[in-house]
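Written out below as structure tokens is the structure these notes cover.
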Amino acid sequence: MAVFPEGTTTLGYLVQTFYPALMQSAIDTRQPVICIALSYLDAAGNPSTAAAYVGEDTLAGCLWRIVRSRGLRAVVCHAATVETAESDRRQVCSQAYNAIAWAVTGAAPELDRA
């Protein structure tokens, strides 16, 4: 099962608050949460917002930007695996948030937003 714990999409420069309730099924089934950070780079290797689907964007508009973006690369980063045994959803969410925030921004989160 895949979950986007922010419940929304962003431009990719920061990580928004995660929703702990989305971690509950992993906890109930004692399955680990595999934290994957997804980002996009342009042909020069710089962060790109070409694939962002935010605000008033339409799916067609988003797809058209992706098609027009020469050299756009998706970067998939395994940020962490969070074990759920003996944890509550807030703990799991906090660990997942911190791992993803580190992978996306390259720095430790300023505060625990989970």
Grab the DSSP H runs of the chain that are 4 residues or longer, score each as -39,500 (n - 2.57), total them, divide by all residues and round the 222 nm result to the nearest 500 deg cm²/dmol. -8500 deg cm²/dmol
Test of the criteria: in the stretch 34-112, which trypsin sites (Lys or Arg not before Pro) are in a DSSP loop and have at most 11 other Cβ atoms within 10 angstrom of their Cβ? ARG70
Fully extended, how many nm does the chain gain between ARG68 and ALA50 (0.36 nm per residue separation, minus their Cα-Cα distance)? 5.6 nm
What is the sum of charges, Lys and Arg at +1 and Asp and Glu at -1, for the other residues whose Cβ falls under 15 Å from the Cβ of ALA44? +1
Hey, with R₀ at 35 Å, roughly what FRET efficiency would ASP42 and GLU83 work out to, going by the Cβ-Cβ distance, to 0.05? 0.45
Could you tell me which label, among (1) 25; (2) 38; (3) 28, carries the value of percent of Cα pairs over 22 Å apart calculated for this structure? (2)
Selection of chymotrypsin sites (Phe, Trp or Tyr not before Pro), the stretch 1-77, meeting DSSP coil and at most 13 other Cβ within 10 Å: TYR13
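Every number here is computed from the coordinates shown, using simple stated rules; none is lab data. Here the structure is a predicted model, which means the values were calculated and not measured. No Cβ is skipped: glycine too gets one built from the backbone with ideal geometry, and neighbour counts run over all protein chains shown.
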